[in-house]
Amino acid sequence: MDRTATVNPPTAIRLIALDLDGTLLRSDKRLSVRCVRAIAEATAKGVHVVLASARPPRTVRELYHRLKLETLQINYNGALVHDALRKRNVRHTPMCHKLATSIVRYARKLDPQVVVSIEILDKWYTDRVDDELKTETARQQGPDFVGPLEAFLHVPVTKLMLLAPPERLMPVGEAIRKKFGSQTSLLISDRHLLQVVHPEVDKAAAVRWVAEQYGIDASEVMAIGDAPNDLGMLRDAGLGVAVGNAWPTVREAADVIVSENDKDGVAEAIRRFVLDKS
């Protein structure tokens, strides 16, 4: 089945949900001129462009303003919906701190060297930083607090992250899935990183919620992504688009596959399914 061929969305696209790393951003983490221009043209046409990322608000802010967006923003895979224009959080779905504590203790029992990072709203807390195991956020900014986990694990947790080399993280992740799977949602965007959030958290649910705020039906949404944490929103959208560098499972789930992120796949999708449909 050739899913690079022409696909006709079931209805006009009124909202575009965009993943960042590996999708909108190139491998050097930059925005291309072509993508910036395509997003600007879509926005001028009245289409809502919504960034949907695993990142916290603080490392999306610069991109949001460069793209001159005014829409709500999806952070932490949907655990937080942030209004960057008004600098306020509008929807927060955190995990119980007692559950987060139990998961951390279990993970450290299985692998004492696993790195634990915890995001609470827009702050990063940890007891240890490993320069070999960094998230994209960690490459840009350091933690807000480094110290005993007990010092901050007494309030709801927006996102819990466990980091280790893939060969060590995989068995830890499987064990956590078996023990806590019904109480959590486990999301993967990088092979060295396991993200644990509230069981109702998913980019799909967040995109649906944001679309409802704008009076937009799921059939009028185009979602574009590359990693397993994008699967839900691609399947839920009227048109699910995978960039050419996407994980095999994401490519398989998509309605259409466009060029890689380094070849402006997002601009291609916007041009084909939004701008050229005028």
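Hey, could you check the range 1-57 for residues that are in contact with a strand residue (DSSP E or B) (Cβ under 9 Å, 6 or more places away or on another chain) and among the basic types (Lys, Arg) and say which is modelled with the highest pLDDT?
Within the range 1-57, the match that is modelled with the highest pLDDT is Arg14.
Right, Asp262: over 13 Å from Ile16 (Cα atoms) and surrounded by fewer than 23 Cβ atoms within 10 Å (Cβ to Cβ) or not?
Numbers: over 13 Å from Ile16 (Cα atoms): yes; surrounded by fewer than 23 Cβ atoms within 10 Å (Cβ to Cβ): yes.
The answer is yes for Asp262.
Can you tell me how many residues within the range 225-278 are among the hydroxyl-bearing types (Ser, Thr, Tyr) and modelled with pLDDT under 95? Working first, answer last.
From the range 225-278, those among the hydroxyl-bearing types (Ser, Thr, Tyr) are 249, 259, 278; that's our starting set.
Filter again for modelled with pLDDT under 95, leaving 278.
Result for the range 225-278: 1.
Given the options Leu67, Leu85, name the one that is out of contact with any His (no Cβ under 7 Å at 6 or more places or on another chain), buried (at least 16 other Cβ atoms within 10 Å of the Cβ) and not β-branched (Val, Ile, Thr).
On the way: Leu85 fails: buried (at least 16 other Cβ atoms within 10 Å of the Cβ).
One residue alone meets the criteria, Leu67.
On the basis of being in a loop (DSSP other than H, G, I, E, B) and either closer than 23 Å to Val250 by Cβ or not assigned by TED's automatic domain parsing to the domain that holds Pro171 (or both), does Arg55 make the cut? First the steps, then the outcome.
Working: in a loop (DSSP other than H, G, I, E, B): yes; either closer than 23 Å to Val250 by Cβ or not assigned by TED's automatic domain parsing to the domain that holds Pro171 (or both): yes.
In short, yes.
Looking only at the range 142-170, which residues are without any contact (Cβ under 8 Å) to a residue 60 or more places away in the chain and either part of a strand (DSSP E or B) or of a type in the set (Ser, Thr, Tyr) (or both)?
Phe145, Val146, Met161, Leu162, Leu163
If you go through the range 159-169, how many residues are over 11 Å from Ser117 (Cα atoms) and either at pLDDT below 90 or not aliphatic (A, V, I, L, M) (or both)?
Of the range 159-169, the ones over 11 Å from Ser117 (Cα atoms) are 164-169.
Pick out the ones that are also either at pLDDT below 90 or not aliphatic (A, V, I, L, M) (or both) and you get 165-168.
The qualifying residues number 4.
Any idea which residue in the range 99-134 is surrounded by the most Cβ atoms within 10 Å (Cβ to Cβ), counting only those that are among the polar types (S, T, N, Q) and touching a residue at least 40 places away in the same chain (Cβ under 8 Å)? Show your work before the answer.
So the first thing to find is which residues in the range 99-134 are among the polar types (S, T, N, Q), and the list is 101-102, 113, 117, 126.
Then keep just the ones that are touching a residue at least 40 places away in the same chain (Cβ under 8 Å); that gives 101-102, 113, 117.
On the way: Thr101: 16, Ser102: 14, Gln113: 11, Ser117: 24.
That would be Ser117.
Is it true that Ala40 is within 24 Å of Gly244 (Cα to Cα), in a helix (DSSP H, G or I) and either aliphatic (A, V, I, L, M) or in contact with a His (Cβ under 9 Å, 6 or more places away or on another chain) (or both)?
Values: within 24 Å of Gly244 (Cα to Cα): yes; in a helix (DSSP H, G or I): yes; either aliphatic (A, V, I, L, M) or in contact with a His (Cβ under 9 Å, 6 or more places away or on another chain) (or both): yes.
Taking the combined requirement at face value, the residue satisfies it.
Based on this model, can you work out whether Lys68 counts as at pLDDT 95 or above, assigned to a loop (DSSP other than H, G, I, E, B) and more than 19 Å from the chain's Cα centre (by Cα)? Steps first, answer last, please.
Details: at pLDDT 95 or above: yes; assigned to a loop (DSSP other than H, G, I, E, B): yes; more than 19 Å from the chain's Cα centre (by Cα): yes.
Judged against the criteria, Lys68 is a match.
Could you tell me whether any residue of the range 196-204 is over 17 Å from Arg105 (Cβ atoms) and small (Gly, Ala, Ser)? Show your work before the answer.
From the range 196-204, those over 17 Å from Arg105 (Cβ atoms) are 197-204; that's our starting set.
Of the ones still in play, those that are also small (Gly, Ala, Ser) are 204.
For the range 196-204, residues over 17 Å from Arg105 (Cβ atoms) and small (Gly, Ala, Ser): present.
The values are calculated or read from the model by the stated rules, or taken from the named source; none is laboratory data. Here the structure is a predicted model, which means the values were calculated and not measured. Neighbour counts run over all protein chains shown; Cβ positions are idealised from the backbone, glycine included.
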